Structures are given as structure tokens and as C-alpha cells.
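These notes concern the structure reproduced below.
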Amino acid sequence: MGIISTGPGSPLAFSSASGGKVYGYNNIAEAAPRVVAQANPSRQKITFHNPGASDIFIAPSNVQNTLGTAPTNPSNVALVPSNAALGGCWRVYGNGGVLSIEGECQGAWQAFAVTGAGTTNPLTVMESNV
């Protein structure tokens, strides 16, 4: 029988789980959102960090909308956000803003920059399956 050992702050990944995967982008544009994290059914946490000067909006690729007026028949529909339609988005402020989502965050995520930010905005994304 093996021994499982860990230390403070270190991940306790001893199965098929994998810890922090980091993605770096330097081309988040204001004109249209781009996918910055694909769907991952094993994801437990995702963190978005904005090291750039301009604000960036983060949104799921799909949202729950209801049919009719009562929220009794929700359906998963594609979200197409823009600077004119920000519903479903979280704003991650420039110069170090962070957004962390835990739990039900397995779907794909998209990002776009605030109006006037151009096309070369940085974004760091880290996801964890543990």
C-alpha cells in the first residue's frame, strides 16, 4: 500500500485529477468575444486575472434563459455578449482585477475588452480539476 503525502498549500491530487492549468492571452479584443476556456466536465474552479490596463468582461458561452414569463422551463442558450449587451457578464477590472468561480463552472467561458481598449489586451486564465 502506498503512502500519500502532502504539505501546506500543495495540491492533493492522487487520482486522474489534474491541478492548475494556466492559459495566457494577449489578444482579447473589444469587437467580439473569444473563447478563453473550453468546457471541462472535471473543472472545480476557474480564475480570470487581468494584468492589463483595460477592463475585460468574462461570460459563460451559454446561459439559462426561460421560455415565456415564468422561470419554469429554463433552456441552455448561447450567449453573445457585447459592449452594448452586457447581461451575463462579469467585469474584471484592469491592473490586477481577479474573478474566481468555484463549483458549477464546467462550461466554456468567453472574454472581450471594454469599448476603446483595442485588440491587444492580456488575460490570464487558470483552471483546476481539484
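The values are calculated or read from the model by the stated rules, or taken from the named source; none is laboratory data. For clarity, every value in this text was computed on a predicted model and none was experimentally measured. Positions of Cβ are generated from backbone atoms using ideal geometry, with glycine treated the same way; all protein chains shown enter the neighbour counts. Ligands, DNA and RNA are stripped out before the accessible areas are found, and what is left, the full protein with its side chains, is counted by its heavy atoms. Shrake-Rupley method; radii C 1.70, N 1.55, O 1.52, S 1.80 Å.
Brief remarks follow.
- Applying a threshold of 7 Å to beta carbon distances and a minimum spacing of six or more residues, or different chains, the list of pairs starting in the stretch 119-130 at a residue that is closer than 19 Å to Gly96 by Cβ and in contact (Cβ under 8 Å) with a residue 40 or more places away in the chain and ending at one that is of a type in the set (Phe, Trp, Tyr) and outside any loop (DSSP other than H, G, I, E, B) reads Pro122/Tyr25; Leu123/Tyr25; Leu123/Phe48; Val125/Tyr23; Val125/Phe48.
- Which numbered condition Val77 misses (of (1) outside any loop (DSSP other than H, G, I, E, B); (2) at pLDDT 95 or above): (2)
- The set of residues from the stretch 84-130 being β-branched (Val, Ile, Thr), open to solvent by 50 Å² or more (accessible area, probe 1.4 Å) and farther than 20 Å from Lys45 by Cβ comprises Thr115, Thr119, Thr120.
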